[in-house]
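The values are calculated or read from the model by the stated rules, or taken from the named source; none is laboratory data. On a predicted model such as this, the values are computed, not experimentally measured, just so you know. All Cβ positions, glycine included, derive from the backbone under ideal geometry; neighbour counts span all protein chains shown. Calculation scope for accessible area: heavy atoms of the full protein, side chains included, ligands and nucleic acids excluded. Shrake-Rupley method; radii C 1.70, N 1.55, O 1.52, S 1.80 Å.
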Amino acid sequence: MASEPGHRAIEIESILQEERRFKPPAGFGERAWIGDFAAYQQLYARSVADPEAFWADLAQKELHWFAPWQQVLDWQEPFARWFVGGKINLSYNCLDRHLPERGDKTAILWEGEPGEVRALSYAQLHAEVCRFANALKSLGVGRGDVVAIYMPLVPEAAIAMLACARIGAPHTVIFGGFSGEAVRDRLNDARAKVVVTADGGFRKGAIVALKPRVDEAVAQATSVQHIVCLRRTGQEVAMQPGRDLWWNELVARHSSDCPAEALDSEDVLFILYTSGTTGKPKGVVHTTAGYNLYSHITSKWIFDLRDEDVYWCTADVGWITGHSYVVYGPLSNGATTFLYEGAPNQPDPGRFWQMIEKHRITIFYTAPTAIRTFIKWGDEWPKRHDLGSLRLLATVGEPINPEAWIWYHRVIGGERCPICDTWWQTETGGIMITPLPGATTTKPGSATLPFPGIVADVVDREGNSCEANEGGYLVIRKPWPSMLRTVYGDPERYRQNYWGQVPHVYFAGDGARRDADGYFWVMGRVDDVISVSGHRLGTMEIESALVSHPAVAEAAVVGRPDDIKGEAIVAFVTVEAGVEQTAPLLDELRAHVVKEIGALARPEEIRYAEALPKTRSGKIMRRLLRSLAAGVELTGDTSTLEDRSVLEKLRDG
Ligand code: 6R9
């Protein structure tokens, strides 16, 4: 909107209003860690009144320390050090301290795609981690040496991560679906010394080879001295004598006695390359103590973890969600974390629901992209199974369209489970904006309110807070324990990208608005904002309007340069199973958007797509669609794309 004198220009306009409300289920709060809204408000008020005291108090109560810190926070904007001088070990906090009371409790419950099940108790996991830590040491890996992990989702992936954490070797987990080139770039950027991999993994009923891709990558990554290879599928692999070692032979030579090292609070724990929806992947650096505390306390309060829970987060460990909420957060709490190796539709689209029934899963955390896929597959799949064990649902990764939220609530949650829509990023290390399940009234499509200790806001370019319901930039005003410390090898990029956009605040790169209750509504990436006749529109609201039409399964909107309007809206849609892709339906969809949110958001063009281009973690890559819509060559990094054939089909279609 053009700015009037005395008025600030509106950064991003909001056009969608969602009025539905859901209170925490009756009785949930009575036994929850945070029992009601007043408790949240009190906690929040205390946390922001004196953040350092708040975090220090939790760090003391919730974690084991080898030696206390001297300073809670050393803040030299934009560089933070938390719990300065403290000595701690994340692997100790995830394992050793649980042994007296939970030694026999299942830590990791795993199911392979072919159907085999393994359960590792805390005592067994501890022994395996120690053995592998000793094995790494025998290969010359010590404090500060980077270990790359490129594995299928098997318990050994978590074992390798915990072993690295135990000896202070930063890990960089590379998603097992990435190409040899993507692996090479990450190995080189991180200067990895050892790569831990497997012969292959099972995915969609087939065997995916991993070791050959590592060989290809290592041929051009001179820092790598050894490759440790786990036998998972039994396929033939080439092993280079001296350089390559079999996991099982290697660990057999080592003892299960490996005391956790007293690491520095700020020792690098891991480097993780971002999902890269918008450009070249960045090596996000996380350190030990602050990350341990934040992933621990968010897991406890948001998922309301109890000893009897069987918790399942469907993320791969190659994604930040897999780090914080498959491995470290749940294990630090002594929980049982469930891992599944394969695809959700193997052997049929009921696989997830069948496993929830079989393992009596109580907490389920997945992504909107998965939920939209389940909707497309049809209600009959979940309906065949008893999902009565579930007591809490959560989502992460993208804004969840209100219609998908309602489906999740009704069909999966049986209208009895609270839903936590959790907003956060690789860079934030843990969940930042989220309901607390016993306390927060939810609104479908809103991640609701900031976690205690998190000062989130929506601002304009200068950093002034926006009015209620006015769209702007989502920022964090105060440092928090699990914030990224830098971009690996590029502190200037860190400063510029995150602290150089709006003065003195962390810039998340997302557009958002806050409603009159202070609830946050994430409107999509700022880079994806579409500018139509001077109105700046986020992608989420138009997409949600499209998805609310019964024929539409998924939608992505982008801007195409337009002489008159600046940009015109182009939408790509996939339809529900059984819906015919006709021209009249396209007219109907355009009319539907106008009815839902107004003429301004009317798509100039809607195209049918068989599938949308997504990252491996399920985020729609609008950057690629933008090039397609404009009819220009695709540029920039596409290594994070899940399925290349999707693009080709869109181009030819
Ligand atoms: C954890 C993770 C971060 C970006 C983030 C935002 C989007 C994640 C969201 C969400 C709306 C949510 N995002 N959760 N948007 N509502 N609940 O996904 O990390 O892969 O780094 O992506 O994902 O755009 O900025 P990462």
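Structure above, values below:
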quantity: Segment 529-652 - share of DSSP beta bridges that are antiparallel (%, nearest 5); calculated: 80
quantity: Local electrostatic count at D652 - Lys and Arg +1, Asp and Glu -1, tallied over other residues with Cβ under 14 Å; calculated: +2
quantity: Net lengthening on full extension, S138/A209 (0.36 nm per residue, minus Cα-Cα); calculated: 22.9 nm
quantity: Approximate spin-label separation R461-A53, in nm, with each point projected 7 Å along Cα-to-Cβ; calculated: 4.0
quantity: Distance (nanometres) between label positions extended 7 Å along Cα→Cβ at N188 and E610; calculated: 3.4
quantity: Share antiparallel - DSSP beta bridges, the chain, percent rounded to 5; calculated: 60
quantity: Globularity ratio of segment 240-397, using Cα Rg and 2.2 N^0.38 Å; calculated: 1.23
quantity: Rg(Cα)/(2.2 N^0.38 Å) for the chain, N = residue count; calculated: 0.92
quantity: Label point distance in nm, A343-D643, each placed 7 Å from Cα along Cα→Cβ; calculated: 0.8
quantity: Sulfur and carbon atoms: percent of accessible area, segment 529-652 [1.4 Å]; calculated: 48
quantity: Linear extension gain, V579 paired with Q17, 0.36 nm per residue minus alpha-carbon span; calculated: 199.6 nm
quantity: Per-pair calculated FRET efficiency, R0 = 35 Å: K105 and A252 via Cβ, rounded to 0.05; calculated: 0.85
quantity: Where no second cysteine Cβ lies under 4.7 Å, the cysteines concerned in the chain; calculated: C94, C164, C229, C313, C417, C420, C466
quantity: Heavy-atom accessible area order for C94, C466, largest first, 1.4 Å probe; calculated: C466, C94
quantity: Above-threshold pairs, the threshold being 22 Å between Cα atoms, out of K443/K478; K204/K376; K300/K619; K23/K614; K211/K358; K619/K649; calculated: K443/K478; K300/K619; K23/K614; K211/K358
quantity: Net +/- balance of residues flanking T440 in space, Cβ distance below 13 Å, scoring K and R +1, D and E -1; calculated: -1
quantity: Span-rule helices in the chain, defined as complete DSSP H runs reaching 20 Å or more along the axis (Cα) with Kyte mean at least -0.5; calculated: 122-138, 288-302, 583-597
quantity: Prolate/oblate/rounded call for segment 529-652, Cα gyration tensor, a/c under 1.5 rounded; calculated: oblate
